[in-house]
Structures are given as structure tokens and as C-alpha cells.
Amino acid sequence: MSDEAPLRIATAADAEAISALVLASAQHWIFPLCDVDGRAVLAASMGTEATRERLLAGHAYLVAEAEGRIVGVAALRLPAHLYNLFVDDRFQGRGIARRLWSGLRAHPLLKDAWPAQITVNASRHSVGVYLRLGFEAQGEEQTRGGIPSTPMLWRAPQA
């Protein structure tokens, strides 16, 4: 098996597979840090219908595929908030998150208007990944609605 997982633009037909990936990852890495209300809010926001609605609303989604299924997803809520960046646990450490992040630049919704700054609310587990991708923490971890996260910001390199 090659470590290369091809990337492609996601469609509304991918909503169920994206939701399954994101929920499985969140249940392992994020939900244990949340209170009951936070878990419920996250689960609802990561469900198939909510994902389908974001895809249809024009969020920029990119997926990575391997072994005939989606193993990674990145989603940017326009104009400049990284909404999802998840990679299946079995495929982590292969550069998929970095390729998804970089690949968003070529997304048709963004290629002519890549934002100068992008925000993300990083889970405790993902802070290190975002730091390696060039994001900077914008304060300490905070808990809102029972969901802990660290606000982070990426700035486009100066020309």
C-alpha cells in the first residue's frame, strides 16, 4: 500500500463518510475533554445532515482517500475559518493533514482569494499539528459551551 492518499474536492454525496470519520476521531480525541452538553453540540455539528448542509452552503471541503474510503478531511468555512482537519488514526503520521491543508489553496472556491489570515479552534490533541502547519496560539485553552479549544491563527507569509 502506498502512503500517498489522493486528494479530491468533496461533494454532498461524501457527507456520510466525512461525518463518520470526524465523529470517530472526535469520540476518541475530543469528546472525553468535553462536558455532556459540549459532546451533544459537537456530535450534532458533525452529523451527516449538518455536514451535508455545509457542503451545499459552499464550505471548501477537500478529502483524502485510501483503501477505497475517505481517510482525511479539511474544510474551510469562508471566508477564513478552518472548520475541520481530521485524519483517520490509522493514517496519521503520513503527511495527510499537511497535504490537505496545502491542498485547500487549490480549491476552486479559494485559489483566487486565499485569505491572508485563517483561524481555527484547536482541540488539545491537535495544537501541535497546527503549530507545525504554521498556526500560532492566540491565547490559552478556553472552554465555551462545554468544549475546550485553543484559538489559533495562521498568517500568510509576507512576500
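The values are calculated or read from the model by the stated rules, or taken from the named source; none is laboratory data. Because the structure is a prediction, the values reported are computed rather than measured. Glycine also receives a Cβ, built like all others from the backbone with ideal geometry; neighbour counts cover every protein chain displayed. Remember, those area values only see protein heavy atoms, side chains included, never the ligands or the DNA or RNA. Shrake-Rupley method; radii C 1.70, N 1.55, O 1.52, S 1.80 Å.
Of note:
- Any hit, the stretch 33-51, residues being of a type in the set (S, T, Y), part of a helix (DSSP H, G or I) and touching a helix residue (DSSP H, G or I) at 6+ places or on another chain (Cβ under 6 Å): yes
- Restricting the stretch 43-54 to residues that are among the hydrophobic types (A, V, I, L, M, F, W, C) and more than 13 Å from the chain's Cα centre (by Cα), the residue that is most open to solvent (accessible area, probe 1.4 Å) is A44.
- Any hit, the stretch 72-91, residues being free of Cβ contacts under 8 Å to residues at least 12 places away in the same chain, open to solvent by 20 Å² or more (accessible area, probe 1.4 Å) and of a type outside the set (S, T, N, Q): no
- Just one of the numbered conditions (1) open to solvent by 80 Å² or more (accessible area, probe 1.4 Å); (2) of a type outside the set (S, T, Y); (3) under 20 Å from A5 (Cβ atoms) is not true of R124: (3).
- Residue in the stretch 133-156 that is open to solvent by less than 30 Å² (accessible area, probe 1.4 Å), among the hydroxyl-bearing types (S, T, Y) and either part of a loop (DSSP other than H, G, I, E, B) or modelled with pLDDT under 95 (or both) present: no
Conditions (1) touching a helix residue (DSSP H, G or I) at 6+ places or on another chain (Cβ under 8 Å); (2) of a type in the set (A, V, I, L, M), marked per residue:
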position	(1), (2)
T119	no, no
S123	yes, no
V129	yes, yes
E136	no, no
I147	yes, yes
T150	yes, no
R155	no, no
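- Restricting the stretch 21-42 to residues that are open to solvent by 40 Å² or more (accessible area, probe 1.4 Å) and free of Cβ contacts under 8 Å to residues at least 24 places away in the same chain, the residue that is nearest to the chain's Cα centre (by Cα) is Q27.
- Boolean, T48 is of a type in the set (S, T, Y) and in contact with a strand residue (DSSP E or B) (Cβ under 9 Å, 6 or more places away or on another chain): no
- Of all the numbered requirements in (1) in a helix (DSSP H, G or I); (2) touching a helix residue (DSSP H, G or I) at 6+ places or on another chain (Cβ under 7 Å); (3) closer than 16 Å to A15 by Cβ, I70 misses one, and that requirement is (1).
- Of all the listed residues (A64, A5, A15), the sole one being assigned to a loop (DSSP other than H, G, I, E, B), in contact with a helix residue (DSSP H, G or I) (Cβ under 7 Å, 6 or more places away or on another chain), in contact (Cβ under 8 Å) with a residue 40 or more places away in the chain and open to solvent by less than 40 Å² (accessible area, probe 1.4 Å) is A5.
- Only a single item in (1) open to solvent by 60 Å² or more (accessible area, probe 1.4 Å); (2) in contact (Cβ under 8 Å) with a residue 40 or more places away in the chain; (3) in contact with a Phe, Trp or Tyr (Cβ under 7 Å, 6 or more places away or on another chain); (4) not aliphatic (A, V, I, L, M) is not met by P108, and it is number (3).
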